[in-house]
1. So, in region B:57-77, how many residues would count as being more than 10 Å from chain A (Cβ to nearest Cβ) and without any contact (Cβ under 8 Å) to a residue 12 or more places away in the chain?
2. Take region B:138-159 and flag every residue that is without any contact (Cβ under 8 Å) to a residue 60 or more places away in the chain and in contact with a Ser or Thr (Cβ under 6 Å, 6 or more places away or on another chain).
3. Identify, from the list B:Ala101, B:Ala139, B:Ala146, the residue that is crowded, with 18+ Cβ neighbours inside 10 Å, closer than 30 Å to A:Lys23 by Cα, under 18 Å from the mean Cα position of the chain (by Cα) and away from chain A (no Cβ under 12 Å).
4. Has region B:128-147 got any residue that is more than 15 Å from B:Ala81 (Cβ to Cβ) and at pLDDT below 85?
5. Give me the pairs: first residue in region A:2-22 and more than 14 Å from B:Ile68 (Cβ to Cβ), second residue not in a helix (DSSP H, G or I), beta-carbon distance under 7 Å, and six or more apart or on different chains, which are they?
6. Residue by residue through region B:99-126, note down the ones that are under 14 Å from B:Phe144 (Cβ atoms) and in a helix (DSSP H, G or I).
Amino acid sequence: MIHFLYLIGFAFIVSVAFAVFNKGTEKEKIIYGLKIFGQFVGISLIMAWVFYFLPW
Amino acid sequence: MFYIQVFAVYSLRNIIDVGSQTSHLLLKGSNLNMKNPFIIGSLSWLFPGAGYFLLGRTKRGLIISGVIWSMFIIAIISGGAYYPGLSFNEGALLYLLHIFATLGNGLGYLIGVFLNLNPPPDTASTLTFEYGGRFLEVAGLLNFLAIIDIFDIYSGRKE
């Protein structure tokens, strides 16, 4: 569980920073931040399941 | 710590506002132009997000300094300061990358070095200290990005 919390915390903090650094309106920044957050969490979970089925 | 930084930067900004009326600030007997990009960059490195306050971007500064200091505090609580990192023998490039990334924390790097002088004996059994080490590195790298962003704003490349 602690690993997942670290994943969520890391994804949230980095997404907020990237969204702020990004150019565009406030709405575009929020959408960009949410997109990155989703990608961080989603891709990590997909990779975790792929590694789970690998025998080595 | 975050509030101390905000207070310090605001105090500094007031001094700069007074100094900007004469365009130069007298400091220790020498003329020091506080609008110098190297001074803004150095302060941004030492106190993450400080450059935004100096350029009048309070909201952006609050978010970025809050984010970087949060990451740093999580790293310290997780035992990241005790993370030995990679030794030079394990690969010079990885070792230098670790040093470069943690150096980005500025004042946080010095705090980390100070904490690492007396690591607790049960460090190796701590579950999260490797996560802490990674958080410490990423906080430093985010601060480098913030400094580049501040230079972009300063030079007018970004609004």
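The values are calculated or read from the model by the stated rules, or taken from the named source; none is laboratory data. Given the structure is predicted, the values throughout are model-derived calculations rather than measurements. Note that we place each Cβ from the backbone using ideal geometry, even for glycine, and neighbour counts take in every protein chain shown.
1. Within region B:57-77, residues that are more than 10 Å from chain A (Cβ to nearest Cβ) and without any contact (Cβ under 8 Å) to a residue 12 or more places away in the chain number 1.
2. The one that is without any contact (Cβ under 8 Å) to a residue 60 or more places away in the chain and in contact with a Ser or Thr (Cβ under 6 Å, 6 or more places away or on another chain): B:Gly140.
3. Details: B:Ala139 fails: away from chain A (no Cβ under 12 Å); B:Ala146 fails: away from chain A (no Cβ under 12 Å).
The conditions single out B:Ala101.
4. Step one: filter region B:128-147 for residues more than 15 Å from B:Ala81 (Cβ to Cβ), giving B:141-147.
Subsequent filtering for residues that are at pLDDT below 85 retains none.
No.
5. A:Ile2/B:Leu127; A:Ile2/B:Thr128
6. Step one: list which residues in region B:99-126 are under 14 Å from B:Phe144 (Cβ atoms), which gives B:99-106, B:108-109.
B:Ile99, B:Phe100, B:Ala101, B:Thr102, B:Leu103, B:Gly108, B:Tyr109 - these are the residues of region B:99-126 that are under 14 Å from B:Phe144 (Cβ atoms) and in a helix (DSSP H, G or I).
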